[in-house]
């Protein structure tokens, strides 16, 4: 089970980075953007670390404080969840 959790978190974080990169490129080209709900959903599904990395790597959404707050909140929730899944249930 631990291997599946690690693979899941790796994949969802890569998806989050990809979403932020894609949204930044679309913003630069004035194309239809990825909804903020989708960006937040990826964070709350476990991709918060990837979302924060994407924000920093691509300088995207960094001026919006609520993005920082919600992504850090999602990351905190998933750290707690991982603690219980990996250490308390074994």
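Observations on the structure shown:
- Subset of region 60-72 that is assigned to a helix (DSSP H, G or I) and farther than 16 Å from residue 38 by Cβ - its residue that is farthest from the chain's Cα centre (by Cα): 65
- Some residue of region 26-36 being under 27 Å from residue 5 (Cα atoms), in a helix (DSSP H, G or I) and out of contact with any strand residue (DSSP E or B) (no Cβ under 8 Å at 6 or more places or on another chain): yes
- Residue that is touching a helix residue (DSSP H, G or I) at 6+ places or on another chain (Cβ under 8 Å), outside any loop (DSSP other than H, G, I, E, B) and more than 13 Å from residue 78 (Cβ to Cβ), where the choices are 3, 17: 17
- Candidates 41, 75, 45, 57 - the one that is in a helix (DSSP H, G or I) and surrounded by 17 or more Cβ atoms within 10 Å (Cβ to Cβ): 75
All of the numbers you see were taken from the coordinates with simple rules; none came from a lab. Just so you know, these numbers come straight off a predicted model, no measurement behind them. Cβ coordinates were reconstructed from backbone atoms using ideal geometry, including for glycine residues, and neighbour counts include every protein chain displayed.
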